[in-house]
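Notes follow once the structure below has been shown.
What follows draws every value from the coordinates through simple rules; no lab data is involved. Everything numeric here is computed off the predicted structure, so don't read it as measured data. Quick reminder, even Gly has a Cβ in these numbers, built from the backbone with ideal geometry, and neighbours come from all protein chains shown.
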Amino acid sequence: MPLSTAETLDDDRQSFLQAVLDRDVDRIRLTSRILLSRVDSLARVARLVSGTLQKNPVPELKRCRVALLSSFPIELVKDQLIARGCTEGLLVETFFPGYDQYHQEILNPHCDLFTF
């Protein structure tokens, strides 16, 4: 009897979590791609991938730092960036100064942006 969608998704989540715990970059990339391709709620899976990597950092993933400045709220992009980076073997670290703070960040050489 074939597995239900929920059972398949649970198996995919478990495979991803085990790959992270094993620090197996190739399996992390594969299982995160599978998860992101099979779900109805992309935001939920992106949060799962992002949260898992934040709780269990994998030093074997290539570190990538991304700072995003904007005049509108973009915090919802964070989990997507981390999850999509994971599919490429990247451990994405993000910097979001907050809503409409880009002028302060650009003009102040002692701000958090320049220390990020």
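Given a cut-off of under 8 Å on Cα pairs at least six residues apart, what relative contact order in percent is computed for the chain? If you can, show how the numbers build up before the last one.
Working: 135 pairs, mean separation 27.9, N = 116.
Dividing the mean separation by the residue count of the chain yields 24 percent.
List every residue whose amide H lies under 5 Å from the amide H of T94, counting only residues 5 or more places away in sequence or on a different chain, with H placed 1.01 Å from N in the peptide plane.
Excluding prolines and chain starts, which carry no amide H, the hits are V66.
With a point put 7 Å past each Cα toward its Cβ, work out how far S37 is from F116 in nm, to one decimal.
Result for the modelled spin labels: 3.1 nm.
How far is helix 25-38 tilted off the main Cα axis of the chain, in degrees rounded to 10, range 0 to 90?
Between the helix axis and the principal axis of the chain, the angle is about 80 degrees.
Only Cα pairs within less than 10 Å get springs; with that Gaussian network setup on the chain, which residue of D100, D26, D12 has the largest fluctuation?
Looking only at D100, D26, D12, the biggest GNM fluctuation is shown by D100.
Checking the a/c ratio against 1.5 first, then a/b against b/c, what shape does the Cα gyration tensor give for the stretch 1-80? Provide the component values of the computation, followed by the final result.
Working: a/c = 2.85, a/b = 1.39, b/c = 2.05.
Note, shape of the stretch 1-80 comes out oblate.
For the stretch 56-69, what does the Karplus curve 6.51 cos²θ - 1.76 cosθ + 1.60, with θ = phi - 60°, yield as ³J(HN,Hα) per residue in whole Hz, taken in order and with x for Gly and Pro?
10, x, 10, x, 6, 6, 6, 6, 9, 9, 10, 10, 10, 10
Taking the Cα centre of the chain as origin, sum charge times position over the Cβ atoms of Lys and Arg (+1) and Asp and Glu (-1), and report the length of that vector in debye to the nearest 20.
Numbers: 14 positive and 16 negative charges, 32 e Å.
Computed charge dipole of the chain: roughly 160 debye.
Any chance you could give the angle, 0 to 90 degrees and rounded to 10, that helix 77-87 forms with the longest Cα principal axis of the chain?
Compared with the principal axis, the helix lies near 50 degrees.
Can you work out the FRET efficiency for the pair L21 and A67, with r the C-beta to C-beta distance and R0 = 30 Å, to the nearest 0.05?
Details: r = 30 Å, r/R0 = 0.98.
Efficiency at R0 = 30 Å is approximately 0.50.
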